[in-house]
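Have a look at the structure below, then the notes.
Quick note: the coordinates plus some simple rules give every number you see, no bench work behind them. A quick note: this is a predicted structure, and the numbers were derived from the prediction, not measured. Because the Cβ atoms are built from the backbone with ideal geometry, glycine has one as well, and the counts that use them run over all protein chains shown.
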Amino acid sequence: MLIYDERMRVFSGMQPSGQLHLGNYFGSMKPNREMIAQSEQSIFFIADLHALTTVQDAERLAALRCDALIDYLAAGFDPEKAIIFYQSQVPAHTELMWILATLTPMGLLERAVSYKDKVEKGISASVGLFTYPVLMAADILLYDANIVPVGKDQKQHVEIARDLAIKFNSAFGQTFVVPEPRIQEEIAVVPGVDGQKMSKSYGNTIPLFGAEKEVQKAIMGIKTDSRGATDPKDPETCTIFQLHRLFLDAKDAEALAEEYRAGLSYGDAKKKLFAVYLEHFGAMRTKREELATNPKLIEQIAREGAAKASVIASATLERAKKACGLS
């Protein structure tokens, strides 16, 4: 989830429900990092409350959210220039969620496509999963975002946040900025090793900072069609190429596409992808190893980030509480 408003504020969240992967990096982390230089204020949160809908092992969740924060820092996020924190450490998120929940029609949530998809994939149909969009609405509305650039799969969640902002404003007076969704067509869906969208829920990911052998195994396991080693390949339908071109500029991507059309074998294509992965993430992997040895620093960054985020979120929450008679 990436949020960007007219005051040049970037707000983004990442759910630590599993090991972060290339889809997280190219779909969110990299564009977010690049926007820091353009924004007056950048806020990033690890959505550990959202993760509770699928991760219900205390030690695992604690490790996953810490790993996600380390991954962000290793990927180039500077806590001196951007706020980063754990969602659960800013109580305003859940308090505003409850206020919004009292105005949320059941039918609105029953129509949520994401809930239906997750239940079909075997995730327990909990109240938390059902009300997930209300918490996401609170996440968005707390930080007064005007424009919310998202992928197509998140558009409905922004529309729900918009509906709830309008409903609250209608009931209690102008309180929340009404967000507008903006589909990011320029950010392609990152395919997983099976060709579907890369997702922790699908188990089809290539780890962002996994062990070298683990990453190599994932890349070498990418599914391909039955074309022979020297047969021409269609780069536009090849998952290996779709992943490889994420690392390249337009000129280099076209040169690689020509190799596919000329009969580059899938085995060699996978080796090329693994090589560009190691080159691109080499320095980041080294930095991550260093950060992982300093847990006190990670705790300090999260704590300081939560304190800064709370200043913004608490002001919005107080405005809402005053509007509806709770303050």
Find, to one decimal place in angstroms, the Kirkwood hydrodynamic radius of the chain, where the mean of 1/r is taken over every pair of different Cα atoms and then inverted. 21.0
Could you list Ser226, Ser39 so that the one with the fewest beta carbons within 10 Å of its beta carbon is first and the one with the most is last? Ser226, Ser39
For a 21 Å ceiling on Cα separation, which of these pairs sit above it: Lys81/Lys321; Lys81/Lys287; Lys116/Lys167? Lys81/Lys321; Lys116/Lys167
Report, to the nearest 10°, how far helix 266-291 tilts away from the longest principal axis of the Cα atoms in the chain, using its own Cα long axis and a range of 0 to 90°. 50
For Arg182, other-chain or 5+-apart residues with amide H closer than 5 Å (H placed, Pro excluded) are Val148, Val150
Estimated vicinal HN-Hα couplings, Hz - segment 9-16 in sequence order (Karplus 6.51, -1.76, 1.60; Gly, Pro = x): 9, 9, 9, 9, x, 9, 7, x
May I ask for the angle, rounded to the nearest 10°, between helix 92-101 and the longest principal axis of the chain, with both axes built from Cα atoms and the value confined to 0 to 90°? 70
Taking only the Cα atoms of segment 95-161, how large is their convex hull per residue, in Å³? 86
Could you tell me which of Ala253, Gly221, Pro181 has its Cα farthest along the dipole of segment 139-293 towards the positive end, charges placed at Cβ (Lys, Arg +1; Asp, Glu -1), taken about the Cα centre? Gly221
Quote the FRET efficiency, to the nearest 0.05, computed for Glu254 versus Ala63 with a Förster distance R0 of 41 Å and r equal to the Cβ-Cβ distance. 0.50
Relative to the present Cα-Cα distance, how much length would full extension add between Glu120 and Ala171 at 0.36 nm per residue of separation? 14.8 nm
Pairs of alpha-carbon atoms within less than 8 angstrom and 6+ residues apart define the contacts here; what relative contact order does the chain have, in percent? 22
Nearest 10 degrees, 0 to 90: helix 155-172 Cα axis against the chain principal axis: 10
Pairwise Cα inverse-distance average, inverted: Kirkwood Rh of segment 1-105 (Å): 14.5
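What do you get for GluC sites (Glu not before Pro) in segment 225-273 restricted to DSSP loop and a cutoff of at most 15 other Cβ within 10 Å of the site's Cβ? Provide the component values of the computation, followed by the final result.
Numbers: sites: Glu236, Glu254, Glu258, Glu259; in loops: none.
Passing both the DSSP loop test and the Cβ count: no residue.
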